[in-house]
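Everything on this sheet refers to the single structure shown next.
The values are calculated or read from the model by the stated rules, or taken from the named source; none is laboratory data. Remember, predicted model here, so these are calculated numbers, not experimental data. Cβ atoms come from the backbone with ideal geometry, glycine included; neighbour counts cover every protein chain shown. Areas reflect the complete protein model, heavy atoms only, side chains present, ligands, DNA and RNA absent. Shrake-Rupley method; radii C 1.70, N 1.55, O 1.52, S 1.80 Å.
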Amino acid sequence: MKPFDYRRSEDVAGAIALATSGPQARYLAGGTNLVDHMRLGLESPQLLVDVSRLPLDGIEDLPDGGLRIGATVRNSDLAADPRVRERYPVLSRALLAGASGQLRNLATTGGNLLQRTRCPYFQDVTTPCNKREPGTGCSAIGGYTRDHAVVGASDACVAVHPSDMAVAMLALDAIVRVEGPDGPREIPLDDFHRLPGEHPERDTVLAAGELITDVDVPATPFARRSEYRKVRDRASYAFALVSVAAAVHVDEGRIADLRIACGGIAHKPWRARAAEDALRGRAPDAAAFAEAAEAELTDASPLPDNGFKIPMLRRTMVSVLRDLTEEVR
């Protein structure tokens, strides 16, 4: 057991002040990921700053019809909120596809976005891992790679991001609101997570001491017709091999607008912009969906054990898009 200090803050400013008072401080909310990492020896914070009781647990309507989701809203509460289920079913379904009911009752919106990879080499402190110890190497390269990235990887890291919720929020153009020592800022979710490059130890663009306070999901009327589909090894409590979040607006027999995001394939939730561009203005049919999926996967680089993810993602994307547009063709 490695000793650490624990402090609870009553407001955001106080939490930030505590977190910046020393070099080894971490925020603690639900703790469903951080506590596991402390037990495994992956994290050894000197100070835990408890933010679970900050007034960040509400879901508010925004003037444009969107929602502002507090960082400490529990995943189970967010999935069950009637506004989320009606306006953004893709988000509710993604949340319900993640983890178990017990974990969803603890896990928070902010913590979900900050999940770290479940790569077995990252979680095994006896193996080299650039994400855990920069410069030591990536044991997955040349090792077991069934669950790893097929797009956006680098020679330094091939791990994938585990969140279901983040994939749905990416498809909804969510914006992460943070507070830090230098004040507030807003970060589009597509810019929040990083690809590994030469610094896979940095999962996000958050600066030291920055705290997620809310996530804004803008009004997207056609998101009422949206879906999240997760392909995994078993029906529950398993991470995605591949997943697809999509929302589609069809007008006069053509795709007027759409959003597609994918999970299980990259170091960050993956926005399928090539597929979106390939479909705008086209009739919603199987041939168009297949071409769009191919366009998205043009630069895919599967590893020795995960080539199956390419056809799996292609078929999942086509299936989701077909189901979303079947009644409006």
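Restricting E227, E198, E186 to residues that are surrounded by fewer than 14 Cβ atoms within 10 Å (Cβ to Cβ), of a type outside the set (A, V, I, L, M) and farther than 30 Å from A17 by Cβ narrows the list to E198. From the list L95, L42, L48, L54, the lone residue that is part of a helix (DSSP H, G or I) and among the hydrophobic types (A, V, I, L, M, F, W, C) is L95. Check the range 250-272 and report whether any residue there is free of Cβ contacts under 8 Å to residues at least 40 places away in the same chain, within 20 Å of L91 (Cβ to Cβ), open to solvent by 50 Å² or more (accessible area, probe 1.4 Å) and assigned to a strand (DSSP E or B). No, because not a single residue in the range 250-272 is free of Cβ contacts under 8 Å to residues at least 40 places away in the same chain, within 20 Å of L91 (Cβ to Cβ), open to solvent by 50 Å² or more (accessible area, probe 1.4 Å) and assigned to a strand (DSSP E or B).
Selection within the range 153-177: residues that are surrounded by fewer than 24 Cβ atoms within 10 Å (Cβ to Cβ) and among the aliphatic types (A, V, I, L, M). The member of this set that is farthest from R118 (Cα to Cα) is I175. Within the range 36-46, can one find any residue that is outside the structural domain of A79 (by the TED database), within 19 Å of the chain's Cα centre (by Cα) and open to solvent by 50 Å² or more (accessible area, probe 1.4 Å)? Scanning the range 36-46 turns up at least one residue that is outside the structural domain of A79 (by the TED database), within 19 Å of the chain's Cα centre (by Cα) and open to solvent by 50 Å² or more (accessible area, probe 1.4 Å). The lone criterion from (1) of a type outside the set (G, A, S); (2) touching a strand residue (DSSP E or B) at 6+ places or on another chain (Cβ under 9 Å); (3) under 28 Å from L114 (Cα atoms); (4) not in a helix (DSSP H, G or I) left unmet by P284 is number (3).
Take the conditions in a loop (DSSP other than H, G, I, E, B), open to solvent by 40 Å² or more (accessible area, probe 1.4 Å) and assigned by the TED database to the domain that holds K131 and apply them to P23. Does it pass?
Considered against the rule, which asks whether it is in a loop (DSSP other than H, G, I, E, B), open to solvent by 40 Å² or more (accessible area, probe 1.4 Å) and assigned by the TED database to the domain that holds K131, P23 comes out as no.
Of the candidates A300, A240, A275, the single residue that is under 22 Å from L195 (Cα atoms), in contact with a helix residue (DSSP H, G or I) (Cβ under 6 Å, 6 or more places away or on another chain) and outside any helix (DSSP H, G or I) is A300. Restricting attention to the range 101-144 and to residues that are in a loop (DSSP other than H, G, I, E, B), among the basic types (K, R) and open to solvent by 30 Å² or more (accessible area, probe 1.4 Å), the residue that is nearest to S44 (Cα to Cα) turns out to be R132. Taking the numbered list (1) closer than 30 Å to Y144 by Cα; (2) open to solvent by less than 10 Å² (accessible area, probe 1.4 Å) in turn, V215 passes all entries but (1).
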